[in-house]
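The values are calculated or read from the model by the stated rules, or taken from the named source; none is laboratory data. As the structure is a prediction and not an experimental result, all values here were calculated from the model. Cβ coordinates were reconstructed from backbone atoms using ideal geometry, including for glycine residues, and neighbour counts include every protein chain displayed. Keep in mind that these areas ignore ligands, DNA and RNA; they rest on the heavy atoms of the full protein, side chains included. Shrake-Rupley method; radii C 1.70, N 1.55, O 1.52, S 1.80 Å.
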Amino acid sequence: MTEEYPFSAAPKSPHRWLLLMVVGLGLLLVTVDITILLTALPVLTHELHASAAEGLWIVNAYPLFSTGLLLGAGTLGDRIGHRRMYLVGLVIFGLASLMAAYAGSVAVLVLARVLQAVGASAMLPATLALIRVGFSDERERALAISVWACLSLVGAILGWLLGHFHWGALFLVNVPIIAIAWLGTWFVAPEQRNPNADPWDLPSSVLALLALSSLVLAIKTATHPPIDLGVLGAALAIGLLAGVAFVRRQHRLPHPLLDFSLFRNPAFAAGVLGAVSVTFTTGGVLLGVSQRF
């Protein structure tokens, strides 16, 4: 049933803590699969006969594509409903996990990781939006969001630990968890959609994804000798053009996916810089430590 009253006037949902559990399961899956292959990468690349560059794409295709798609996922969820987005994301993530578990080649595994990213980008904004809708009391909502934030860190650590199992099993374990989360969401998650929400701009999402992908390809090419100058130059050019086109499009749109004026706020800019620094540092440390041991 669609909620039509403001949060302050909404009664407390009797299933709000169960709702937090089912969206928490989805968040765990999303964050676990960011780090889950780091310790299993040497065995995985040996069994699939993957090169060093292919191994990095196996690891990075998931966070890269999910980051590029996240910009528009929240807006799309506002229009069609975050409950629906979460349910669809769980299905896509589950099917992609099965595909990854039985992948017999690098190409299939990378494709599965990309599809996982599609599911994750639909799930992640929906988890926080469902908490916002399900918890009408401000104090309880603050507690639920704190639990949500802690689960992100737990998922990253759990992904590193699970990496010691056979790499195919790392994806199969997602399936029963997804089934539980899907059923729980179906019965307890409220729905709220806004037909008058800002429109989803697909070209902006594509440009952002293209810019990020080209940048990653350029970095990988530059750090993998012998350096292919043709590929490096093309990646840098495409990334620069896509990045410039994305920025110009955001300035022209009445409802941009990314409002760059927010970065004029020193507190916001510092927060973003801090989050980016922590993300890069954590990713580098996890990759280095897992390969070392």
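The table below lists the values:
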quantity: Heavy-atom SASA rank of L98, L229 (probe 1.4 Å, accessible area, largest first); calculated: L229, L98
quantity: Helix axis angle, 266-292 relative to the chain longest principal axis, alpha carbon, degrees; calculated: 50 degrees
quantity: FRET efficiency for L273 and L229, using Cβ-Cβ distance with R0 set to 45 Å, rounded to 0.05; calculated: 0.90
quantity: Calculated from backbone phi, Karplus (6.51, -1.76, 1.60) coupling profile of region 231-237 in Hz, x at Gly/Pro; calculated: 5, 4, x, 5, 5, 5, 5
quantity: Backbone HN-Hα couplings from phi across region 208-214 [Karplus 6.51/-1.76/1.60, Hz, Gly and Pro as x]; calculated: 5, 5, 5, 5, 5, 4, 5
quantity: Estimated distance in nm for a label pair at Y102 and E191, the labels positioned 7 Å out from Cα along Cα-to-Cβ; calculated: 3.2 nm
quantity: For region 9-74, radius of gyration divided by Kirkwood radius, i.e. Rg to Rh on alpha-carbons; calculated: 1.21
quantity: For G81, residues with placed amide H under 5 Å, excluding near neighbours; calculated: N194
quantity: Cβ-derived FRET efficiency at R0 45 Å, I219 paired with H166, nearest 0.05; calculated: 0.90
quantity: Fully extended contour minus Cα-Cα distance, from E140 to T281, at 0.36 nm per residue; calculated: 47.6 nm
quantity: Two-site label geometry, T67 and R252: point separation in nm, points 7 Å out along Cα→Cβ; calculated: 2.6 nm
quantity: Residues of region 78-101 with amide N under 17 Å of the 7 Å Cα→Cβ point at A179; calculated: 90-99, 101
quantity: Extension reserve of the I80-S261 stretch, reckoned as 0.36 nm per residue once the Cα distance is removed; calculated: 62.5 nm
quantity: In sequence order, calculated HN-Hα J values of region 252-262 (Karplus, 6.51, -1.76, 1.60; Hz; x Gly/Pro); calculated: 8, 6, x, 10, x, 5, 10, 8, 5, 5, 4
